[in-house]
Amino acid sequence: MKSSGTAVVLEIVLGFLGLFGVGNMYAGRTALGLIMMISYWVFQGINILLTFLLIGWVTGFLTWLTYTIVGPLLATQGVEQHNQRVLAAQTPRPSAPGGPAPGSAGWQ
C-alpha cells in the first residue's frame, strides 16, 4: 500500500525545484511522471522565449501553477488506483458454486 500523502509531498516539494512528475512515478505511473517532467520543461522553454515579448512572465507562472495543482491530483488518483489493484490481488476469490471450475486442479 502506498500513501497518497507521500505522493502529494513529492509532487509539491520537488515541483518547487522543477521536478514535476515524481509523485506520479511513486504512484506507479512512470510514463505519466516522465511526460510531466519533460512537458514542463518544454513549456518553460517556450515561456523563456516568450519573456522577450513580456507575456512569458505570465505564462511561465501559469504553467508552474497548473503543474503544481494538477500534479498532486493525478498522483493521488494514481495511488488510489494502485492501492485498489493491490487489495484486489490480495482478496481471495470465491470458487464457483458446485465445485472447482473445469480445467482446474481439483476438476475431474
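The values are calculated or read from the model by the stated rules, or taken from the named source; none is laboratory data. Just so it is clear, the structure is predicted and the values come from calculations on it, not from any experiment. Here the Cβ positions follow ideal geometry from the backbone for every residue, glycine too, while neighbour counts run over all protein chains shown. For accessibility, only protein heavy atoms count, side chains too; no ligands or nucleic acids. Shrake-Rupley method; radii C 1.70, N 1.55, O 1.52, S 1.80 Å.
Annotations
- Scanning region 61-79 for residues that are of a type in the set (Ser, Thr, Tyr), open to solvent by less than 50 Å² (accessible area, probe 1.4 Å) and either within 20 Å of PHE43 (Cα to Cα) or modelled with pLDDT under 95 (or both) turns up THR63, TYR67, THR68.
- Qualifying residue in region 40-49 (condition: under 26 Å from SER3 (Cβ atoms), modelled with pLDDT of 90 or more and surrounded by 10 or more Cβ atoms within 10 Å (Cβ to Cβ)): yes
- Region 19-31 - residue that is farther than 17 Å from LYS2 by Cα and open to solvent by 50 Å² or more (accessible area, probe 1.4 Å) and, of those, modelled with the highest pLDDT: ALA31
- Applying the condition of being in a helix (DSSP H, G or I) and among the polar types (S, T, N, Q) to region 80-108 and asking which residue is modelled with the lowest pLDDT yields GLN90.
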